[in-house]
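Engineer: One structure, as structure tokens, below. Some questions next.
The values are calculated or read from the model by the stated rules, or taken from the named source; none is laboratory data. Since this is a predicted model, take the numbers as computed values, not measurements. Because the Cβ atoms are built from the backbone with ideal geometry, glycine has one as well, and the counts that use them run over all protein chains shown.
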Amino acid sequence: MQEIITRYGRLQVMDLENDLISRFLKKYGEWSFCEAQFIAENLTDGARIADVGASMGTFGLGLALLRQLRSLCCVEPNPALYPLLRHNVQVNKPLSVGDATTVNATVGPAIPDSGAMDGVRPTMPANQHVTLEALRRGYGPFDLIKISTGGSELAILREDHAFLRNCPGIFWLDCQETPASLELLQLLLDNGLDVHYFAFPTAARNNFNRVGDADFHLGYKTGLWAARGRPPVMNSQLRAKGCVLKRIGSQEELRQALWLTPRQAPAGLAGHSHEEMVALAGRTLRGETFDDYLATGTAEAQPNDAASAARGTLSKIERQESQIRTLTEQLAAETEKSAKLAALMDAAKSECRASQIVLADERARADALAARLEAALGERRASQIVLADERARAQMLATDLETTWAQKRTAEQTLADERKKAATDLATLNQINAILVSQNQDLTRQAENLIQQVHLMYYSASWRLTLPLRILGRLVRGDIRGLKRLCAARWGSS
């Protein structure tokens with residue numbers, strides 16, 4: 001890992017010579033910046049971007065330099081590159097980006113060795129495997145989805161075919177010189193999307209580091225812009241850099257566009273005008289070299305001069321032998337490089353097999369954990385049902401208790417009212433009783449006085465009125481004793 005200054009800020013890159021993107025970032029300070037300029041030209045501020053196959057984050061960070069973005073989601077499947085992506089986005093995220101997220105995941109169907117890109121192979125499987133639909137649910141929706149996954153673009157979109165039929169946004173897809181790109185185009189056209197082809201140089205002449213010589217002179221990258229009713233435009237600045245924009249309506253048109261796109265030209269063509277490059281290309285195709293050009297003599301020289309012809313032939317043979325030696329040395333170097341790459345490939349395959357074993361173990365462990373989780377969820381659901389029943393029962397008890405307390409409070413209030421009324425009635429009864437007692441005493445005194453008066457009246461009058469009758473009665477009954485007592489009571493013992 002190495003940290004360098006680039007157009008996008010201070011980036012961490014791979015410290016490997018066979019990593020193309022890292023090599024370009026070190027030399028030119030940028031990678032395919034024309035791509036970011038073209039996309040930014042055709043977006044509005046506030047766009048939401050998904051960068052699937054983000055590598056070290058140059059595409060998303062380049063867009064953020066040119067547009068205000070609401071969100072940026074960078075997805076990278078290679079665990080060797082993902083730490084660099086996460087660091088680069090976190091450290092260099094400009095204020096123009098509302099929310100930036102990095103995800104270590106493989107999007108779409110799993111492809112053998114899908115983590116290998118630009119000579120960098122992962123030392124472990126990607127952390128997760130997600131579909132494009134799951135990515136949209138978790139981090140979307142997106143206004144533009146860029147997919148650059150080294151050839152799996154077709155499989156990713158086929159897996160999300162239902163969304164492709166009604167997609168309201170934009171797809172920006174890597175387009176390589178393979179039959180799969182023709183199938184990808186047909187899938188887009190069959191689903192009613194308008195497709196445009198954009199080709200751009202990997203290293204611009206006015207690059208960030210102002211480096212003039214190009215590693216891949218006239219080396220172009222290509223992509224497909226797919227949307228409904230949103231044709232892209234290309235400004236004059238990109239046109240001056242040699243970028244190409246075409247509408248594509250069939251596989252044959254795409255085939256022709258790819259055929260006419262320069263991929264890599266000899267270094268000798270660098271720095272020449274268009275007409276000069278046409279002349280040099282024609283002479284190269286005819287096998288002519290500048291050293292041989294007009295080198296056999298002047299106009300006065302005789303064309304059948306055998307010595308001159310022999311010298312020219314000998315010089316040509318010497319140059320060819322020199323070229324053969326150079327090519328032999330290059331072949332030996334390439335053979336050695338191929339052997340090293342084969343060794344790296346074998347080591348990577350061994351690591352891949354080990355990773356597959358680890359992945360199988362992790363999947364088995366994940367399945368066991370999933371089963372345990374499902375059981376735990378079942379127990380949780382049962383517990384929730386029991387808890388709901390207990391809560392309902394507790395609610396009923398609480399309602400009954402509240403009703404009982406209300407009845408108790410009512411009864412206590414009624415009892416208090418009755419007690420007050422009883423106390424009031426008792427006081428009234430006590431007053432009435434006192435009055436009755438007083439009246440009773442008065443009546444008693446009156447009765448006693450009356451009785452005394454009656455007795456006086458009785459004793460004064462009753463004897464005169466009733467004595468003869470009482471005497472007569474006793475005589476009739478023969479009650480002599482009673483007669484004697486009566487007479488004694490009235491007239492004394494005599």
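Engineer: Of all residues in the range 224-260, count the ones that are part of a strand (DSSP E or B) and closer than 16 Å to residue 173 by Cβ.
Structural biologist: The number of residues fulfilling the criteria is 8.
Engineer: Within the range 2-34, restricting attention to residues that are among the aliphatic types (A, V, I, L, M) and under 30 Å from the mean Cα position of the chain (by Cα), which residue is surrounded by the fewest Cβ atoms within 10 Å (Cβ to Cβ)?
Structural biologist: 21
Engineer: I would also like to ask the following. Of the conditions (1) modelled with pLDDT of 70 or more; (2) surrounded by 12 or more Cβ atoms within 10 Å (Cβ to Cβ), residue 312 satisfies every one except a single condition; which number is it?
Structural biologist: If we test residue 312 against (1) modelled with pLDDT of 70 or more; (2) surrounded by 12 or more Cβ atoms within 10 Å (Cβ to Cβ), just (1) comes out false.
Engineer: Right, another one. Mind telling me which of the residues 354, 392, 333 ends up being out of contact with any strand residue (DSSP E or B) (no Cβ under 9 Å at 6 or more places or on another chain), farther than 30 Å from residue 16 by Cβ and without any contact (Cβ under 8 Å) to a residue 12 or more places away in the chain?
Structural biologist: Of the residues listed, the single one that is out of contact with any strand residue (DSSP E or B) (no Cβ under 9 Å at 6 or more places or on another chain), farther than 30 Å from residue 16 by Cβ and without any contact (Cβ under 8 Å) to a residue 12 or more places away in the chain is 392.
Engineer: OK, next. Within the set of pairs 6+ apart or on separate chains, which have a first residue in the range 227-244 that is in contact (Cβ under 8 Å) with a residue 40 or more places away in the chain and surrounded by 12 or more Cβ atoms within 10 Å (Cβ to Cβ), a second that is in a helix (DSSP H, G or I) and small (Gly, Ala, Ser), and C-beta atoms under 9 Å apart?
Structural biologist: Taking only residues 6 or more apart or on different chains, the pairs are 244/257.
Engineer: Give me the pairs: first residue in the range 58-69 and more than 9 Å from residue 96 (Cβ to Cβ) and modelled with pLDDT of 95 or more, second residue part of a helix (DSSP H, G or I) and among the hydroxyl-bearing types (Ser, Thr, Tyr), beta-carbon distance under 9 Å, and six or more apart or on different chains, which are they?
Structural biologist: Note: no pairs meet the criteria.
Engineer: Also: Which residues, taken from the range 63-84, are within 20 Å of residue 150 (Cβ to Cβ) and part of a helix (DSSP H, G or I)?
Structural biologist: 82, 83, 84, listed by residue number.
Engineer: Among what's in the range 114-129 and is surrounded by fewer than 18 Cβ atoms within 10 Å (Cβ to Cβ) and within 19 Å of residue 73 (Cβ to Cβ), pick the residue that is modelled with the highest pLDDT.
Structural biologist: 129
Engineer: Check whether at least one residue in the range 132-151 is at pLDDT below 90 and either aromatic (Phe, Trp, Tyr) or more than 15 Å from the chain's Cα centre (by Cα) (or both), and report yes or no.
Structural biologist: Yes, the range 132-151 has at least one match.
Engineer: When you scan the range 17-43, how many residues do you find that are touching a residue at least 40 places away in the same chain (Cβ under 8 Å) and part of a loop (DSSP other than H, G, I, E, B)?
Structural biologist: Residues flagged as touching a residue at least 40 places away in the same chain (Cβ under 8 Å) and part of a loop (DSSP other than H, G, I, E, B) within the range 17-43 amount to 8.
Engineer: Given 105, 100, 64, which one is over 27 Å from residue 158 (Cβ atoms), among the aliphatic types (A, V, I, L, M) and surrounded by fewer than 24 Cβ atoms within 10 Å (Cβ to Cβ)?
Structural biologist: After applying the criteria, what remains is 100.
Engineer: Right, here's the next one. Please enumerate the residues belonging to the range 199-220 that are touching a Cys at 6+ places or on another chain (Cβ under 7 Å) and at pLDDT 85 or above.
Structural biologist: Within the range 199-220, 199, 200, 201 qualify.
Engineer: Also, quick follow-up: Would you pick out the residues in the range 33-66 that are within 20 Å of residue 78 (Cα to Cα) and among the polar types (S, T, N, Q)?
Structural biologist: 55, 58, listed by residue number.
Engineer: Out of curiosity, is residue 359 modelled with pLDDT of 75 or more and farther than 30 Å from residue 78 by Cα?
Structural biologist: It is false that residue 359 is modelled with pLDDT of 75 or more and farther than 30 Å from residue 78 by Cα.
Engineer: Would you point out the residue of the range 143-158, among those that are within 15 Å of residue 186 (Cα to Cα) and of a type in the set (D, E, K, R), that is surrounded by the fewest Cβ atoms within 10 Å (Cβ to Cβ)?
Structural biologist: 158
Engineer: Just name the residue that is farthest from residue 256 (Cα to Cα) out of those in the range 154-174 that are in contact with a Phe, Trp or Tyr (Cβ under 9 Å, 6 or more places away or on another chain) and modelled with pLDDT under 95.
Structural biologist: 169
Engineer: Filter the range 245-275 for residues that are basic (Lys, Arg) and at pLDDT 90 or above; which is surrounded by the fewest Cβ atoms within 10 Å (Cβ to Cβ)?
Structural biologist: Per the stated criteria, the residue is 247.
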